[in-house]
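Below: one structure, written as C-alpha cells.
We did not get these values from a lab; they are worked out from the coordinates using the rules stated. From a predicted model like this one, the values you see are computed outputs, not experimental measurements. Glycine also receives a Cβ, built like all others from the backbone with ideal geometry; neighbour counts cover every protein chain displayed.
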Amino acid sequence: MDFSIPIRLRIEFDEKTCVGNKACMKQDPSLFKFDSIKEKAILIGAKPQQQDKRFYILEKDFDSLNASRALAAAKACPVNAIQVFDAQKGVALVSNKVDLSSYKEVHVQYDDEKEFVLDPKGYFLIRADHEKKNLEVAFCNEKNKVALKVVGKTPLEIYQTIINKEKLELRADHYAYLGRELQKAFTALQFGLEYVQDNELDLNKKH
Ligand code: SF4
C-alpha cells in the first residue's frame, strides 16, 4: 500500500491471542517488542482497554515508511493478534475477519480405490510405541529397506523434522497421509487404543 502523505492508524493488539513468536517485532521493532515474562508481544505506547486489560489500542500518525512497517508487522502475525485501521476513514487495512465475499467452493472429487498411486520415492511405516509413549516413523526408499527412522512425541515435531530437516521432497499427498496417520497413532497412544496403519481407529479395541 502506498501512503504518500502521513496517515493516522489505529492499531489493535489482542495479547490473549498472541503466541509470542516475535514475527511482528522482526518487521517493526519500533512498534513491537517482546515481554520475556509474559512471553507475548508489547505494542509500544498502546493503552489497555477498560473492559479488557489484555486488549491494547494505539492511535497515532505514521509517515509512509512507518505505516508500511506497521502493516507488515500486522500481516506477519500468524494468529491475527494485530489489526490495523485507517483511523480517519474507519477502514480495516489488516483485519482479523475472514473475507467471505469471493471464493470458490468445490465438492470432493477423489476415489481412493481408483486413483491411489504409490509414491515412487518410497513409503512410511508408522508405529505407536505404547510402552515408551513414542511415535515412530520409518521411511523405506525401497521395499523393506529402512532409510530413515524418526522418533518423537507429537505428530507436529515428527512431520516438521521429516519435511523441513530431512527434506525427503515427497509428494504433497504423501505428507498429508503422514500427518493423518501420525494423528491417528497419537490418539491411539493417548487413549490406549490399538493402532494399525491404514485402518480407522476402533474405539473399542484397547492396546
Ligand atoms: S506476530 Fe503475533 S503472535 Fe507473534 S509475537 Fe507478534 S503479536 Fe504475538
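Starting from the Cα of residue 60, step 7 Å toward the Cβ, then list every residue of the range 6-42 with an amide N under 20 Å from that point.
6-15, 24-35, 41-42
Hey, rough spin-label estimate for residue 131 and residue 174, points 7 angstrom out along Cα→Cβ, what's it come to in nanometres?
Here the modelled spin labels are 3.1 nm apart.
Which whole number in µm²/s is D for the range 7-94 by Stokes-Einstein, with the Kirkwood Rh taken over Cα pairs at 25 °C and 0.890 mPa s?
Result for D is 193 µm²/s.
Size of the range 56-136 along its principal axes in angstrom, Cα-based, largest extent first?
57, 39, 23
Which net charge results for the neighbourhood of residue 153, defined as the other residues with beta-carbon distances under 10 angstrom from its beta-carbon, given Lys and Arg at +1 and Asp and Glu at -1?
Overall, the nearby charge balance is +1.
Using DSSP loop states and a limit of at most 14 other Cβ atoms within 10 Å to flag GluC sites (Glu not before Pro), what is the longest stretch of the chain containing no flagged site?
Numbers: sites that count: 39, 105, 131, 166, 169, 194, 200.
Of all site-free stretches, the longest is 40-104.
For every other residue with a beta carbon closer than 14 angstrom to the beta carbon of residue 49, add +1 if it is Lys or Arg and -1 if Asp or Glu, then tell me the sum. Working shown, then result.
Details: positive: 10, 16, 47, 53, 54; negative: 12, 14, 15, 52, 59.
It works out to a net charge of 0.
Over the alpha-carbon set of the chain, divide Rg by the Kirkwood Rh and report the Rg/Rh ratio to two decimals.
Ratio value, two decimals: 1.12.
About the Cα centre, and with charges only on the beta carbon of Lys, Arg (+1) and Asp, Glu (-1), how big is the dipole of the range 7-94? Nearest 20 debye, please.
That gives a dipole near 120 debye.
About the Cα centre of the range 112-191, how large is the charge dipole given +1 on each Lys and Arg Cβ and -1 on each Asp and Glu Cβ? Please answer in debye to the nearest 20.
Working: 14 positive and 13 negative charges, 53 e Å.
The calculation lands at about 260 debye.
Of 78, 191, 67, which is farthest on the positive side of the dipole of the chain, counting Cα position, with +1 on Lys and Arg Cβ, -1 on Asp and Glu Cβ, and the Cα centre as origin?
The Cα lying farthest towards the positive end belongs to 67.
With everything on Cα atoms, drop me the angle between helix 172-191 and the longest principal axis of the chain, reported from 0 to 90° to the nearest 10.
It is inclined by approximately 80 degrees.
For the pair residue 91/residue 53, report the inter-label distance in nm, with labels modelled 7 Å from Cα in the Cβ direction.
Placing both labels 7 Å along Cα→Cβ, they lie 3.8 nm apart.
Report relative contact order for the range 7-94 in percent, whole number only (criteria: Cα-Cα under 8 Å, sequence separation at least 6).
On the way: 166 pairs, mean separation 35.5, N = 88.
Relative CO of the range 7-94 lands at 40 percent.
What distance in nm separates the two pseudo spin-label positions at residue 197 and residue 36, each 7 Å out from Cα along the beta-carbon direction?
About 4.4 nm separates the two model spin labels.
Pull out the extension gain between residue 183 and residue 75, defined as 0.36 nm times the separation in residues minus the alpha carbon to alpha carbon distance; nm, one decimal.
Extra length from residue 183 to residue 75 when fully extended: 35.9 nm.
Using the per-residue mean of other Cβ atoms lying within 10 Å as a proxy for protection, in what order, highest first, do the peptides 147-153, 30-36 fall?
Result, highest mean first: 30-36, 147-153.
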